[in-house]
Amino acid sequence: MILAVAGGKGGVGKTTLAYNVAAALDAVVIDADLGMADLPGGRGPDLHDVLAGGADPIEALRPGRVDIVPCGRTLAGARACDLAALEGAVTAIEQTHGIVVLDCPAGRRADAGVPLAIADACLLVVSPRAFALADAIRTRALARELDAGLVGCAINRITAEPPTAAIADALGAPASVVPADPRVGRSVSEERPVVDAAPESDAAVAIRELVGRMPK
Amino acid sequence: MNLAWTVERDADVSLVRCRVHNDSAVPRRVRIESQLEGPVLPPRRAGVPEAGWDETGVTLRLKPDERRALGFAALAPPVDPPVAVVRSPAVDPDGCHSGIDSEAVDPDPETCSRSPGSVRDALRDLAEHRPPRAAIAADTDTGDADRRENEAGIRADGSDDGPDIRGDDCSAADLTNGDPGSANTDLESPSRAAIDEWFDAVEHRIGRAERVTDADLSTATDAVESAGGVDELAALDERVESDAERLRDLSDRAASLATRAEATDTPIEALERLS
């Protein structure tokens, strides 16, 4: 199964959520944000190399608590990527590792659209601010055009009670509330997902709830 | 349904251009097929054929009295007529609103994709993801500039100390005194040769690009052939563009350096009195 974690805006916590959801699903997470990679990199080939035809997708896999396919950090690398090769790369990893989570870029360009077109399902990450919601609705429309079924949305980094019902209504999918928790924020850089670090925390419960909605 | 066409043949490629006009009072779905013996090379965006095109032709939906121009290339030699309307049934006017009839488009049998067409749709219909070339040029240029600045900084720091200046001067003076000719050639000519070489290469590239600029079809075809393909020419275009940028930078820098050089006035006599 291929799950895309998308959201209209940058900075709403797509990467963090993708990483933690991948941990709960025991999945591989692929950093598909070609222009602004966020997941920890490392030595060896990355997704830029794979999409430029310079490496095998499996070679780019970096084992850890959550297996990661990192993405390069250079603009030249992003420019050299052939997005048409993404589907083959993701499918190859899906065949060997089962579940794949795609951390998608913000926006409505082809690099945001192609992962949605590849994915079987998508998860929207929303910030509770009104302007972020507008972007999420646009991404929702894009996902619908590209047949990525929306399985749920995560209202991320909540400090006050959000208008959950209104957001779920606007996006047309059940919404889970992920409270602001510094352990979630640190989870990616420390490579310690919150479902391990604090399994009883509200954030871990919310992530398990999101994962429970995934199609089996 | 009216169909008019022209065919042009150049360098083993036939370019077929047609105009199609729906002269009836109802919207029609029209299938236009190539009569040439070989596959159609359809118009593409981001490497993906435009919607409605396949190996044998195109399927369009035309409103009443709508005219459309289209064209394709093929490797096969021209025949007369090169295109034909295969069928043009009337369609429900409340159906699809776009000019392309997606129902009539055959899914590509070669794509064993789980979501047929949607990756291609995303690539074709969404904006280009690649960062602009200028951003990358700026990126690497800044990197180089930073490095150059650092090196310059190290030298400048060194030369802030009095003794170092003397040291530098002495070594230069030693070299010059010892064997002025060889010192000059050793120090200057390799870089000067490199600069000349670079200018020659740039001139050559610009010359090639000029031959293609505003060229007629046959000259352009020759140029494409001698360059070894359109891809090569695209690479050339990219190079020439970055050449232009660098040349402009160079000329700005040279002009400002010349102004500064003219403004300097080393008081040799006063300095001589000091020593």
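The values are calculated or read from the model by the stated rules, or taken from the named source; none is laboratory data. Being a predicted model, the structure only gives us computed values, none of them experimental. We place every Cβ from the backbone using ideal geometry, glycine too, and count neighbours over all the protein chains shown. In case anyone asks, the SASA skips ligands and DNA or RNA and just uses the protein heavy atoms, side chains included. Shrake-Rupley method; radii C 1.70, N 1.55, O 1.52, S 1.80 Å.
Partner shielding of B:131-137 amounts to 4, given as the average count of beta-carbon atoms from other chains within 10 Å of each residue beta-carbon. For B:Arg239 and B:Asp80, FRET efficiency with R0 = 60 Å and r from the beta-carbon atoms, rounded to 0.05? E between B:Asp80 and B:Arg239, to the nearest 0.05, is 0.90.
For region A:106-216, what does the alpha-carbon gyration tensor say about shape, rounded, prolate or oblate, given a ≥ b ≥ c as the root eigenvalues, a/c under 1.5 as rounded, and a/b over b/c as prolate?
Prolate.
Backbone geometry of region B:233-241 corresponds, through the Karplus equation with coefficients 6.51, -1.76 and 1.60 at θ = phi - 60°, to 3J(HN,Hα) couplings of 5, 4, 5, 5, 4, 5, 4, 5, 5 Hz, x marking Gly and Pro.
For region B:33-73, the square roots a ≥ b ≥ c of the C-alpha gyration tensor eigenvalues yield an a/c of 1.5 or more together with a/b not exceeding b/c, which makes the shape oblate. The calculated pair-distance distribution of region A:1-116 uses every alpha carbon pair, bins of 10 angstrom beginning at 0, and gives 16, 54, 29, 1 percent.
Using θ = phi - 60° in the Karplus curve 6.51 cos²θ - 1.76 cosθ + 1.60, the 3J(HN,Hα) couplings for region A:81-95 round to 6, 9, 5, 5, 8, 5, 4, x, 5, 5, 5, 4, 6, 4, 5 Hz; x is entered for Gly and Pro.
If Lys and Arg each add +1 and Asp and Glu each add -1, what is the summed charge of the other residues whose beta carbon sits under 12 Å from the beta carbon of A:Val21?
Cβ neighbours under 12 Å give a net charge of 0.
Highest mean first, the peptides B:232-243, A:104-115 sorted by other C-beta atoms within 10 Å per residue fall in the order A:104-115, B:232-243. For the peptide A:145-153, the mean number of other protein chain Cβ atoms found within 10 angstrom of a residue's Cβ is 2. Amide H to amide H distances under 5 Å link A:Gly72 with A:Leu47, A:His48, A:Asp49, where only residues 5 or more positions off or on other chains count and H is placed in the peptide plane. Each residue of region B:8-20 is assigned a 3J(HN,Hα), and the resulting list reads 10, 10, 8, 6, 6, 10, 9, 10, 9, 10, 9, 10, 10 Hz, derived from the Karplus form 6.51 cos²θ - 1.76 cosθ + 1.60 (θ = phi - 60°), x at Gly and Pro.
How would region A:91-132 be classified by its alpha-carbon gyration tensor: rounded, prolate or oblate, with rounded meaning a/c under 1.5 and the a/b versus b/c comparison settling the rest? Prolate. Counting only protein chain heavy atoms and rolling a 1.4 Å probe, the accessible areas of A:Arg192, B:Arg248 rank, largest first, as B:Arg248, A:Arg192. In the elastic network of chain A, a GNM with C-alpha springs shorter than 10 Å, the most mobile of A:Pro193, A:Pro40, A:Pro57 is A:Pro40.
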